[in-house]
Each structure stands twice: as C-alpha cells, then as structure tokens.
Amino acid sequence: KGKGETADQISPGEKGYKIRIAEQFGLVYAPLMIAREKGFFEKYGLDVEWKRFGSGGAAREALASGDLDAAFMGIPPFLIGWDKGVPAKVALGYVVSPVSLVTYNPEIRSIKDLKPGYKIALPSPGSVQHILLSMAAERELGDPRALDDLLVALPHPDGAAAMIAKKDIHAHFTTPPYLFEELSQPGYVEILKGTEAFGGEFSFNVGLVTLKYHDENPQGYAAFIQGVNEAIAWINLNKREAAKILSPKFNLPEDKLYKYMTWEGMNYTTATYGLLEFAEFMKKTGYIGRLPKDLSEVAYENVLAVIGKREGGQ
Amino acid sequence: MATIMDVEGLCKRFQTSKSEITALHEVNFRVRQGEFLAVIGPSGCGKTTLLRCIAGLESPSLGEIRINDRPVTGPGTDRMMVFQDFNQLFPWLTVRDNILFPLKLVNRGKNNIERKVLAEYYLELVGLADYGHMYPHQLSGGMKQRVAIARALALSPKVLLMDEPFGSLDAITRTNLQEELLNIWEKTGVTIIFVTHNIEEAIMLADRIMVLKSGRVEKLMINTVTRPRYYDSPEFASLWEHLHNLLQGRREKEKLKGEIKKEVGLAF
Amino acid sequence: MATIMDVEGLCKRFQTSKSEITALHEVNFRVRQGEFLAVIGPSGCGKTTLLRCIAGLESPSLGEIRINDRPVTGPGTDRMMVFQDFNQLFPWLTVRDNILFPLKLVNRGKNNIERKVLAEYYLELVGLADYGHMYPHQLSGGMKQRVAIARALALSPKVLLMDEPFGSLDAITRTNLQEELLNIWEKTGVTIIFVTHNIEEAIMLADRIMVLKSGRVEKLMINTVTRPRYYDSPEFASLWEHLHNLLQGRREKEKLKGEIKKEVGLAF
Amino acid sequence: MAKTMRHLVIVVILIVFWELLARSGWYPPLLFPPLRDILRSLSIHKQEILYRTCYSISLIGKGFSVSIGVAFLLAGLAVFYKPISEGVSTLMGIMHPLPAIAILPIALLWFGSGNRSIIAIIIFSSLWPLIANIYNGFRSVPATQLEVGRNLGLKGMNLMLKVMLPASLPHILTGLRIGWARAWQASVAAEMVFGASGGEGGIGWFLYKKRFMMEIPGAFAGLTIIIIIGILVENIILAYIENNTIKKWKMAG
Amino acid sequence: MAKTMRHLVIVVILIVFWELLARSGWYPPLLFPPLRDILRSLSIHKQEILYRTCYSISLIGKGFSVSIGVAFLLAGLAVFYKPISEGVSTLMGIMHPLPAIAILPIALLWFGSGNRSIIAIIIFSSLWPLIANIYNGFRSVPATQLEVGRNLGLKGMNLMLKVMLPASLPHILTGLRIGWARAWQASVAAEMVFGASGGEGGIGWFLYKKRFMMEIPGAFAGLTIIIIIGILVENIILAYIENNTIKKWKMAG
Ligand SMILES: Nc1ncnc2c1ncn2[C@@H]1O[C@H](COP(=O)(O)OP(=O)(O)OP(=O)(O)O)[C@@H](O)[C@H]1O
Ligand SMILES: Nc1ncnc2c1ncn2[C@@H]1O[C@H](COP(=O)(O)OP(=O)(O)OP(=O)(O)O)[C@@H](O)[C@H]1O
Ligand SMILES: [Mg+2]
Ligand SMILES: [Mg+2]
C-alpha cells in the first residue's frame, strides 16, 4: 500500500515526529539500545520519549491507556492483548532468540519426566515460555494444560536464583542471559528448546505500534521502522563494536556480552515468524477467544509485505 | 465597693445520650469589685460548671452573666481561669514563654521588652523569678500552679476564676500557696472566685462563702472570722462546724446506701 | 496485746543516675496485733517507701522487718497493700472476680463455691453486695477503694497496709469511708498501718500516730482522743494543733524560698 | 449500627463515583471496567476466588501466628532483659525501612520458591509492628496493677500471663490490627511480584494471572475481594474482640 | 552515645554472622556474596548509587510532602466536622488493607508511567498512617490546654496552629516515622516492580537492574544503602527532632 511506500521514502535529516517508546531491559533489547546510543531514531527525525517498564504487562497496559506509542513483547502476550482489544498491531519482527527449559535434576531428561511435585519456573502466565510449554505438552503429553499445575511464575532473575540455589524449582524456561548463566553451571542441561516446542523458528519479540499512532503519524511510524531496521542491520554487521558500546549498560565484560550476542540461535531480524501459528494454537487451546480473520488484523502493511514473501502469501 | 459581676437566673442543662442533667438551677448572686468569693459544695454539685459558664467556656441554658453590666458571650481574657489540672501549662514553652505567649496574643505591652518586664514581674510575684527558663516538666505541682496563677494575673483580668487550684497538692505546699494567694490578692486587688471542697481552705481565704448543693445556692454567707485567720481560733472552729454540717446534712447510717447509689449514678 | 511487727534499723537508699537518695534513715518501731497505726508526714518524707518495704516490694538497704518474728524477704499475701491509685483494680475483671482472682491464686477456700461465699461476705462488709457484677470503670472512685479494701481483707492478711487510700476522694465520700474502715477494723480485728498526709484523718482513725520527717521517725505518739471522736471536741483540736505545728515547724516568711528550692530538688 | 449505616453510605458514594468515571469515556474501558463487568467476573470466578482467598488466608494464618508467637516471646524477653531489648530495637531499626519485596531474593534463597517464602515474607512484614506494639503495651501496664500482682505472689511467667497480658490488651489489639493489614498486604504483594505455583496460590496469584491475561475486570474483582476481606476482619472480627474486651472494660491504649 | 555504641555492637555481630554464613559454603556464593564483594560493588557504583539515592529521596520528598499536607488538612477537618471524620475513617478502612502494589495498575492508568505514578504510590502508602496518627494526636490534646487556649481567645485555625499542633507533636512524630518508612518502602517496591521512567530512576531501579543482570553483590549493595538511609533518617534526623522537642519537653504520646 501507499503508506509502506512513504516509509521507504523518508530521508535522513528530517525532524520533529514525537514518539513514546517503551524502554525495556535485557539482551534481546540490544538493537533498541544501539538505536538509542547511535541516534538512529533522531536521524530519521524522531523525537523519542523513552519510558521504562518493569514488565511486559505494564508496557501492554500503557499501550492500552494511550500512554505509549511503541513497545516490544512476545507474540503470545501481544495476542492476548489484541484479543482483549488493546489497539495495537505488529509493526516489525525484532529478534529470534534461544529460549529453553533448563534443569539440574538428573531424573528429568524430557518433559515426560515432569511428574507432579516438580516445579517449573517461567516469567508469567501467557508468556512466550508458557505457550511454548503448552505446545510441547500437547504434542508429547496429549494435553496442552498438562503441566499447568507445576508452573511457578517467577521473574527471570528470581527464577535463575532459585535454579542456582536448587531450592524448590526443578526446571526453568528462560532466555539469555539467564539461560547462558544457568547452562554454564555444572550439571545444568536443556531439555526442551523453543524451536523444538514450536516446530520451527519464531520471533521471540515483535515490535508493536498503536493504531492511533500508525494512522495519525504515518511519517513517524515509517521513521520508527527505519530506525529499528538500521539498528538491526548495524548490529548484525558490527557485533564487536555493539558489544563494546553496550558493555557498560549491562555491566558485563565486553567479551562475555559478545559471546552472548553471537550465541547460536540469537538472531536480530525484522522478519516476523510464527504470528499465525501462535494465534491458531492459542485459539485452539483457549488462551484467546478469536482468531484473526486475516493477518492484516494483527500486523501492518509493511509486515504483510515481508510475510507474503516468506510465508507464501498467508 | 462596686458590683463587678451579676449572675442572674443561671441554669445549665447537659443533654446526654440517655437523659438530661441539670447542673445548675436558677443561680443568682453578685460579686463585688476586689472581693474574694469561695464556692464550696460536694462533688458533682455544679461548682466547675458555674466557673465554666462565667469563663464563657459553656453557654448558659437560661439566665445571664454580666461583667460590669456587659453580658458574657464567650471566653475572654477579662476572666482568666486557673484549673486544678497540673497540665494547664503548655509543655513546649518555658515558664517565661508560658506567660509571654498570652501577652503577645492579646497584645499587652507595647513591645517585647515591655512584655518581658511584665512577665518577670509576675514571676517575681509568685516567687518564681529564678525559674523562668525552665520547662513545665521540671517544676513541682505547686510551682506549676503558681505559674498558672502568674499567667492569669499577667493578663490583668477583671476576675480570676480558680477551680480547686490546690486540690492535688499536699497539705504543706497547699498552706504556703494559700498564704501567697492572699498576698497577691492584696497586692493586685483582683476579684477572685475560688472553688474548693475543702472547708478550711474556704474559711482561710474568702470574704464570702457560697455553698452549692445539687446545682442550687444553698447558702451565701459572709466569712465572719477576722483576718489574719488561725486554724485554732474558736470562730474558725465554729464556722467550720457550721459549714461541715451544712455540707453533710444530718447524716444517718441508713443514708449510706443512698449515697452509694448516687455515686453509681454519677459513675454511669 | 502481742507484737505482730518489728521494724529494726530500717534504712532505704535509692541509687539514681546522679546521686543517692536516702528515703529512710534508721527507722525503728513495733506494731501490736490489731493496732491501727497512722503514719503522717510531708510529701517525700518516705511514707510510701516505708509501706513498700513492709510489703516486700522494696528490699531494705539496712535493717530488718519481722512479722511474727519471721523476717520479710519479699511480697506475700500476709501483708496486703491498698494503694492511693484508683487504678489498682484489674479493669478486665468484674468486682466479684477482682476478689475471687486472688482467692484462687492463694488457694483460699476449699472450692469455688466457698470462695464465692467469701467474696460475697467481703463485698457485703464494704457495702457493695449489689455491685459484684460490675466492671471497675462503672464504679466511682470511693467504690473502687472499697473494692480494693475488700480484696485485701478477703485474703485475711496479718497486716493491712494502706497508702493514702482516700487521698483523691472528696471530703464527704472520705468521711464515709473513714467510718466504714473503722467498722471493718473493729469487726475483723486486722492490724492496719495507714499512711496519710491529712491530720484530721490520722486523728479520726488511729490508735497511735507516727510522724515521719525526712525519712526519720520524728515522733510516735498515742492518740489520746477517746473514741468515738468528734471534730469539734477540744482534745481533737489540741492534738490537731500539736501535729500541725510538728509538721510545719515554726515556719517564718523567710523559709518560703527554701521550701521552693526543696520542691525543685524533688522535681529534678 | 448507625455507624455501619454511615459507612455504607460512603461506600455507595464511592461506587457511584467509580461507575461515573468508568462511563465517562475518559479512560479506556479495557483498563477501567464498569461495575457490571467486575460483578460479572466475580460471579464467573466465584469458586476460584473463594478457593484462592481461603488459600491466602491459610498462608496468612500460618505466617501471622508464627509472628504473634515470636513477637510475644521477644517482647516478653525484652521487658525483662535489657540487652534483648536493645537487640530487638536495633534489629527493628534495620529491618523496618526494608520493603518486604526487597528481601524476596533472600527469602527465595533460604526458603525456596514455594509457600514457605511467602510465609517468610508475611512473617517479616507483620513481625515488627507486632513486637513494637506488644513491647509498648507491656511497658505501659500501670505500675500499681503490677505491684498488686506482685503483692499477690505472682512473678515471672505467671505475672506475665495473669496481669501483663490482659493489662496490655489495647496495645496488643493495635498491634494485631496493623500486623494483620501488613500480613495481608505482604501476601498479596509477594504473590503479585513473585508469582506462585499454578496448583496453589492465593488471591494475589489470581490478580497476577488476570493481569497478565489482560482480564482487567477479573483483576478488579480480585481487588474488591481484598478490600472486602480487609473490611470484614477489621470491622467484624477485630471490632467484635474489641467490643467484648477493652471497650467493655473501658481500657484505653 | 552509650546507646549508639550498643547498637553498633549489634550491627557488627550481624555483619560477622553474615560473613560466616557467606563463607560457610552452604549457599552458592553467586547468590550469597561475602562482604568484600558487596563493599567492592558499593565502591565501584558509588556515583550511580549516590545519584539514584538522591533521586529516590527527591521523589519521596515530593510524595511525602503532599501526603503530609493532605493528612494535616483531612485530620484537621475531621476533628472539627463529624461527617468528614466518618468519611475519612471509611476510606481508611477500605484503603489500608490494599497493598500499594495492587494499586499500581490503576496508578499507571491515571498518572501515566512516569514519576507521577511512583509519587502516587508513595502518597498512597504514607497517607493513611499519617492521617491516623495526626487525627489521634489532635483528639488527645489535653482538654485543659485546649480550654486555656480558648480562654485566651484562640479559635479555629489559630487554636489549631498555636495549641493543637504543638500539643499533638508526639503523635505527629510517630506518624512521620511510620509514614516515612512506608514511603521509602513504597518507592523502592514500586521501582522494583514497575520500572522507572525516562532516563531516571531511583535506588529501586538500581536494585532491579542488578538483579536482572544477576549481579547479586550489587543488589546487596543497594539493600545496604536502603538500610543505612533508613537508620540515618530514623536515628539522626527524627531522633534529633525528638530530642529537641518532645523529649526536651517530656511530652508523652
Ligand atoms: N459536659 C457535660 N456533659 C454532661 N454532664 C455534665 C457535663 N459537665 C458536667 N456535667 C454534670 O453536671 C454536674 C455538675 O458537674 P460539675 O463538674 O460542675 O461538678 P463539680 O461541683 O465541679 O464536682 P467536682 O467537685 O467533682 O469537681 C454533674 O452531675 C456532672 O455529671
Ligand atoms: N524508686 C525510687 N527511686 C529513686 N528515689 C525514690 C524512689 N522512690 C522514692 N524515692 C525518693 O524517696 C523519697 C521518699 O519518697 P516516698 O514516695 O516514700 O515519699 P512519700 O512520703 O510517700 O511522699 P508523698 O506524700 O508525696 O507520697 C523521695 O525523695 C523520693 O524522691
Ligand atoms: Mg469540679
Ligand atoms: Mg507516697
């Protein structure tokens, strides 16, 4: 459509579009931090107001209340919000990331071994991890909710602490850097990878923009897409330098950060994978009440253009 | 001497959740300029209520109180009250500031220096010139009462209302303060209405003694004992006896139960 | 009559952060079985301290107290104390339970029924038979003191120690309670040590009167006024005068300042 | 009764105010649901809410009773032994400004991620006000009553149980009231931040789930329950105890 | 001074105890760092910690001063007007059991995701204890002192300022003490749960980041600062005020 075209025609140096972006904290948000450090948004004329949130839930509520224009989150939390009427759509893919179920208990070697009495930590109900675990449970145990009673909702750092202390928690479905931290301890192994559970690649995080912002500020929207695109492109070309820039932000040694950023499966990309698969599964299992009739209900034109290319026009 | 205060047909009723209590029934009397009037009577007879009405802290249900022919409508510094409570000084002010604070409030004295001089004068008067810098908690009970008297006097009220000011003091401190009060009264010529339930105290101090019983003036008599008064003089003993009988009535053993009932009535 | 209590060379010193206070200096006296001894003296002379030592609530610094020749080592129900404080009843117990509770504690009476009978008897004795079911807050001050006396008596102590029990009461209630106390004393034959700073009260009640001053026994005299005693009898007046002078000393005007100083000393 | 009526009137005013705000259209209805939706959600989830509420109460029951026991023990010892009193007051100075949430990581470490951690947080938040009030209560027992007790031959534990305990009831009840509010707050907060396990979990977990699933009327239904329980405990249970003890005896704190 | 010394001794005992536990090897050092690591982290981050602490204090300063103002206003009105007293007491009954965290979503909605939400949470948590204590204080001003005030011709606002306010200082200070602790707790908790906004953020945000990156010594360094600030405010500022007012005047609450 026309709007997609204008997005490409924005040239550097224009000024004055305001946008309020959720600033979140974590390795997967590296491109956003780079864009901020290197001024990629300003380059396309965006005047960014950064807003910090402690959890995806809070960011989603802020999108709903009109307090925020753009945020990043997993596809399942987005779909839950969409189902309930949060006025936002996917504007771009963001990152493909490893996400795995880790255990230290030698008696657990697959999710079939997770008998009542064991406890699995993950960040929250309705999170990517939760849906992935449901998918695996459906496939291997025949019931998507088979493991629900074993779940413990713990923020990542607390989950990792519980795993390392070996207190009460027997498995943790987590992402970098906790994933790397846990796997570097002796005896900790992955028993389920996200890609196995999902059956392919999927976007761990996608970028959302509110309908209002998209419709009222087409140039701002385009500039936002441009900025993220450029940041991702830059990061993929300059991982070393990115690690150097971000190392003080994360308070991590540069080498370690570089290792994390180049870990197998860590892939910063604007392509969106798995939107429809998640939606279908979540509808089937009752996590959402309706299915998008058409992908245009959940994603903007520029995403559709890409998916059309990659997923055969669905 | 001229009449300074007229109390006419004073009634005071209190509405409680269960009933109406009549604390004062048709009280009538006059007080002359510079007079020392003592009010005695059993507990609950309305002594405090009478003083509070005069002070303007309660408004009469019926009747009127006039000071120099102007009716009393609320509290004012022309009638200063001294309470029984040792708690009547402001604990956050020094003794001197407890006296200066009201002086500033009513704008007595032209400036701070003049007010300080005034405060010192009254502290001297009650014998506490050396204690101006102390806080109330550092004083004994008797000293606190003297400060309260000094504070009241410093405002040079027309009438000084004293509600059992020496009630919680031991006998010796009490005797001393009585003497001092008489001295001050003589020096300043202030009019004093003094509530007590101690017969000796009333006789020692007052020109006239009013006996209040169940909210009525039972008797208003001139104190015939000539000053200076001594406890062991025969006039003293006979007035004491007279007042004692008036207060107690002809009490028989059987009455005891009745008295207890009355007490319970009050306690509820 | 036999001696029930011996006080020998009793000294009591209090260690405070700044200094040492000697509340009692070498106090010696004996009390006979069934005697009514009054202790009078100015504030701070050591009256309360003396009673507390006898009650075993303080231990003497020097000297000894013997009851029936057995030295006192701590509190015990053979010596029951009645305080001035209206607060001495347990507010969470009814009047009856305030009496039953100590009876149960010391296992007086064979069973609950017997104890209830005892409690009723003593309530009757103090004229409160109808008030057993009430809570302390529902009683007047005088009634509370009577309950405290009943509670103490119910334990049939050898000695009843009373520390200004009528100090905060009004004159009339006080006179009534004095009469009642005399009645009870006659009926039960209990030995009573009664602290007061009211001279009339001491004369009205006691067989002997001990005058305490600055922690020393100034005088221990037999009360020569014959019972029943009347305020207006000449013997009463002369004993009153005598005690009054003893307590006050030959006070001159100049002494006033000194007295104030003493008060301040106490307040610090 | 008149008081209860007046309170009801105020509650009704608040409800009407809420409804007006919800319908004003100033806030997205998604986040600010009208009363009807909240009530509907309450009735749909009533079984789960009941279960979770009971669960929360049972956790609080456990934690709070430990708190009470420890508080009595420490306050009792502190009254009799000076060094313990100093120790307890220092500990209180250190612990009181610490938000219960800040000690979550340590609780996790020591007690694991289960109920025991939540109970530990409940104990941590209710212990200090309990100790402070009970200790204050013990120290403000009228001296005369203590001496009457000693005169009657009571000492140590007996004096404590038979005189100091009833005499300090007004302070103890204040402590219970504050401690209860804090325990209840802590249990909800701990579950909301910290999560809980699926099979188990109290009303905080219910709130947490509803929030993450964006079922906002459900979240408000949970909040309503929290408020109602708070009012019930305060106005019915504690008020009942007060009316039958310190109010009946006219004892003032 | 002797008291401060004894408190110090107790603090030293606690530190030694910590160090022994940390070195015992019972807990993974990653989660239970020895003192040395915590101190090192403190010194590395001292600038950031200082900045964030000041930031937190400035937020608390804003929220707390609003709380104090509103509390005085409401308590003052409640003393004079019965319906307001009823309204305030009902509101308190409803709001007190609500954990500040549970109102986070609503705060977000009404005040946006910025500092204003955190300030709102600070106000919410410190307001109720402030009102309760100030109101209690006003009501327990000795009747005689009030009447002396009236006898001197004071009424309304003047009576309030010149008599009731100083006379209720002991209660007001208790309220400030509790309110301060709650405000401080709320600000840390809110930032830890809720994040911070803009480029800014207080000590709670520092804790959050350190925990997020599993830099546990840093998290404990943050906790230490929270404790120290709590102790400073309690033992230095509030103790100073107390020593120069109610202690000097021997006024009891
Ligand atoms: N505010 C009030 N409300 C209801 N009744 C009151 C009030 N003030 C006083 N009374 C009642 O009025 C009567 C007289 O009380 P008042 O305080 O004047 O007695 P009093 O002579 O001063 O007694 P006392 O010697 O004990 O001080 C009493 O019955 C008392 O209960
Ligand atoms: N626990 C104590 N510590 C220090 N000093 C004390 C203590 N108890 C009493 N004193 C001092 O001992 C002296 C005697 O006090 P006591 O209470 O026995 O006097 P009193 O004769 O009963 O006085 P009052 O008539 O005022 O009751 C006083 O100087 C008092 O300050
Ligand atoms: Mg009176
Ligand atoms: Mg005494």
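Of the residues A:LYS167, A:LYS38, A:LYS119, the one that moves most in a GNM of chain A with alpha-carbon contacts below 10 Å is A:LYS167.
May I ask you to work out the translational diffusion coefficient for the range D:63-212 at 20 °C, viscosity 1.002 mPa s, via Stokes-Einstein with Rh from the Kirkwood sum over Cα pairs, reported in whole µm²/s? Present the calculation step by step, with values, prior to reporting the outcome.
On the way: Rh = 16.7 Å.
Estimated diffusion coefficient is 128 µm²/s.
Report the GluC sites (Glu not before Pro) located in the range A:45-136 that are in a DSSP loop and have at most 11 other Cβ atoms inside 10 Å of their Cβ, or state none. Don't skip to the end; give the middle numbers.
Working: sites: A:GLU49, A:GLU61, A:GLU107; in loops: A:GLU107.
Of the GluC sites (Glu not before Pro), the ones in loops of the range A:45-136 whose Cβ has at most 11 other Cβ atoms within 10 Å are A:GLU107.
Estimated from helical segments only, the mean residue ellipticity of chain B at 222 nm is -12000 deg cm²/dmol, where each DSSP H run of four or more residues counts as -39500 (n - 2.57). The same position B:ASN183 in the other copies lies at 4.6 nm from this copy, comparing label points 7 Å beyond Cα toward the beta-carbon, shortest first. Using only the Cα atoms of the protein assembly as shown, build the gyration tensor, take square roots of its eigenvalues as a ≥ b ≥ c, and label the shape rounded, prolate or oblate: rounded if a/c is under 1.5, else prolate if a/b is larger than b/c, else oblate. The shape class here is prolate. Looking at the range B:162-253, the GluC sites (Glu not before Pro) that sit in a DSSP loop and have at most 13 other Cβ atoms within 10 Å of their own Cβ are B:GLU252.
In the elastic network of chain D, a GNM with C-alpha springs shorter than 10 Å, the most mobile of D:ALA22, D:ALA181, D:ALA132 is D:ALA22. Among the listed pairs A:LYS115/E:LYS209; B:LYS144/C:LYS47; A:LYS115/A:LYS239, which have their C-alpha atoms separated by more than 32 angstrom in this model? Those over the limit are A:LYS115/E:LYS209; A:LYS115/A:LYS239.
Closest approach of a chain C beta carbon to the axis mapping chain C onto chain B (residue, whole Å): C:ALA237, 3. With its label point put 7 Å out from Cα toward Cβ, B:SER19 sits 5.4 nm from the same residue's point in the other copies, in order from shortest. Three principal axis extents of the range C:127-182 based on alpha-carbon atoms, in descending order, are 30, 27, 16 Å. Distance between the C-alpha centres of the range E:114-171 and the range D:197-237: 34 Å, rounded to the whole angstrom.
With unit charges on the beta carbons (Lys and Arg positive, Asp and Glu negative) and the dipole taken about the Cα centre of the range A:113-259, which residue among A:PRO155, A:LEU114, A:ASN205 sits farthest to the positive side? So the residue we want is A:PRO155.
Taking the Cα centre of the range E:138-231 as origin, work out the dipole magnitude from +1 charges on Lys and Arg Cβ and -1 charges on Asp and Glu Cβ, in debye rounded to 20.
Working: 9 positive and 4 negative charges, 62 e Å.
Charge dipole, the range E:138-231, about its Cα centre: 300 debye, nearest 20.
Would you work out if the range B:40-97 is rounded, prolate or oblate? Take a ≥ b ≥ c from the square roots of the eigenvalues of the alpha-carbon gyration tensor; rounded if a/c is under 1.5, else prolate when a/b is larger than b/c, oblate otherwise. Oblate, since a/c reaches 1.5 and b/c is not below a/b.
Run through the DSSP bridge list for the range B:152-231 and note the antiparallel percent, rounded to the nearest 5. If you can, show how the numbers build up before the last one.
Working: 6 of 11 bridges.
Given both bridge residues lie in the range B:152-231, the antiparallel proportion sits at roughly 55 percent.
Apply the a/c threshold of 1.5 to the C-alpha gyration tensor of the range C:30-172 and tell me whether it is rounded, prolate or oblate. It is oblate, given that a/c is not under 1.5 and a/b is not larger than b/c. Computed with a 1.4 Å probe over protein heavy atoms only, the accessible surface of chain E comes to 42 Å² per residue.
The simple spin-label model puts a point 7 Å past each Cα toward its Cβ; for E:LEU161 and C:GLU64 those points are separated by 7.0 nm. For B:ARG32, the residues whose modelled amide H falls within less than 5 Å of its own, excluding neighbours fewer than 5 places apart on the same chain, are B:ILE4.
Backbone phi angles across the range A:25-40, fed through the Karplus curve with coefficients 6.51, -1.76 and 1.60 (θ = phi - 60°), yield HN-Hα couplings of 10, x, 4, 5, 8, 3, x, 5, 5, 5, 4, 5, 5, 8, x, 5 Hz in residue order; Gly and Pro are listed as x. Modelled label-to-label distance, C:GLU120 and E:PHE111, 7 Å Cα→beta-carbon offset: nm? With each label placed 7 Å out from Cα toward Cβ, I get 6.7 nm. Can you list the copy-to-copy distances for E:LEU50, using a point 7 angstrom from Cα toward Cβ, in nanometres, shortest first? Copy-to-copy label distances at E:LEU50, shortest first: 6.0 nm.
Using bins of 10 Å that start at zero, the share of Cα-Cα pairs per bin across chain A amounts to 6, 27, 35, 23, 8, 1, in whole %.
Heavy-atom accessible surface of the range A:45-155, averaged per residue, reaches 26 Å², computed with a 1.4 Å probe.
Note on D:THR245/C:THR3: beta-carbon distance plugged into 1/(1 + (r/R0)^6) with R0 of 60 Å gives a FRET efficiency of 0.80.
Whole-Hz Karplus values for the range B:30-38 come out as 10, 10, 8, 3, x, 7, 10, 10, 9 Hz, taken residue by residue from phi with 6.51 cos²θ - 1.76 cosθ + 1.60 and θ = phi - 60°; glycine and proline positions read x. Rounded to the nearest Hz, the phi-derived 3J(HN,Hα) couplings of the range C:100-111 under the Karplus curve 6.51 cos²θ - 1.76 cosθ + 1.60 (θ = phi - 60°) are 5, 4, x, 4, 5, 4, 9, 6, 7, x, 6, 8, where x marks glycine and proline. Exposed loop sites are taken as chymotrypsin sites (Phe, Trp or Tyr not before Pro) in a DSSP loop (any state but H, G, I, E or B) with at most 15 other beta carbon atoms within 10 Å; the longest stretch of chain D without one runs D:82-253. What residue among C:ARG30, C:ARG66, C:ARG227 shows peak mean-square fluctuation when chain C is described by a Gaussian network model with Cα springs under 10 Å? Of the options given, C:ARG227 has the highest mean-square fluctuation. Each part gets one Cα centre, and for the range A:253-292 versus the range C:53-112 those centres are 80 Å apart.
Quick one: putting +1 on the C-beta of Lys and Arg, -1 on the C-beta of Asp and Glu, what dipole do you get for the protein assembly as shown around its Cα centre, in Debye to the nearest 20? List each step's numbers first, then the result.
Values: 149 positive and 123 negative charges, 216 e Å.
So the magnitude is around 1040 debye.
Considering only D:PHE206, D:PHE64, D:PRO105, and ranking their Cα positions along the charge dipole of chain D that arises from unit charges at the beta-carbon of Lys, Arg, Asp and Glu, the one farthest toward the positive end is D:PHE64. Which percent, nearest 5, of DSSP beta bridges in the protein assembly as shown are antiparallel? Around 55 percent antiparallel, to the nearest 5. Here the simple spin-label model places points 7 Å from the Cα toward Cβ, and for A:TRP263 and D:SER58 these points are separated by 3.8 nm.
Here the dipole of the range B:1-116 is about 420 debye; that uses its Cα centre as origin and unit charges on the Cβ of Lys and Arg (positive) and Asp and Glu (negative).
Could you check what % of the DSSP bridge pairs in chain A are antiparallel, to the nearest 5? Mind showing how you got there, number by number?
On the way: 20 of 35 bridges.
Percentage antiparallel, nearest 5: 55.
The H on the amide N of C:SER61, modeled in the peptide plane, is under 5 Å from the matching H of C:CYS11, C:LYS12, C:ARG13, each at least 5 residues off or on a different chain.
Remark on the range A:152-232: hydrodynamic radius 15.9 angstrom, per the Kirkwood mean of 1/r across alpha carbon pairs.
Using a 1.4 Å probe on the protein chains only, how many percent of the accessible area of the range D:197-244 belongs to carbon and sulfur? Mind dumping the intermediate values first?
Working: 1110 of 1660 Å².
Carbon and sulfur together cover 67 percent of it.
The values are calculated or read from the model by the stated rules, or taken from the named source; none is laboratory data. Small disclaimer: the values here were computed from a predicted structure and weren't measured. All Cβ positions, even for glycine, are placed from backbone atoms using ideal geometry, and neighbour counts span all protein chains on display. What goes into the accessible areas is simple: the full protein's heavy atoms, side chains included, and nothing from ligands, DNA or RNA. Shrake-Rupley method; radii C 1.70, N 1.55, O 1.52, S 1.80 Å.
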